[in-house]
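Working notes, beginning with the structure itself.
Please treat every number below as a calculation from the coordinates, not as lab data. Just so it is clear, the structure is predicted and the values come from calculations on it, not from any experiment. Backbone-built Cβ (ideal geometry, glycine too); neighbour counts: all protein chains shown.
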Amino acid sequence: MAREVTHDATGPTRIDPDDHDGDIYVCACGLSDNKPFCDGSHNGTADEEEGVRYKYENDDDEEPRHPIDAIEYADD
């Protein structure tokens, strides 16, 4: 089942380095191709405008990010 998930983070969540060898970051933006770990994809959110909602489309290589007014849900 496909799901629409809203993320408002523009960076990862750091895991305590005492738990593992080195720093480990978990993706919080939802864009990582290496989930649950951060791969730096959040850097693509750097130029997002405050207060604007964006939808990221994995199948659109030229324009993967589109501003949207709201998420519209279909009736079940």
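Annotations
- Residue 43 paired with residue 16, simple spin-label distance in nm, labels 7 Å along Cα-to-beta-carbon: 3.0 nm
- Label-point separation, residue 33 to residue 58 (7 Å along Cα→Cβ), nm: 1.1 nm
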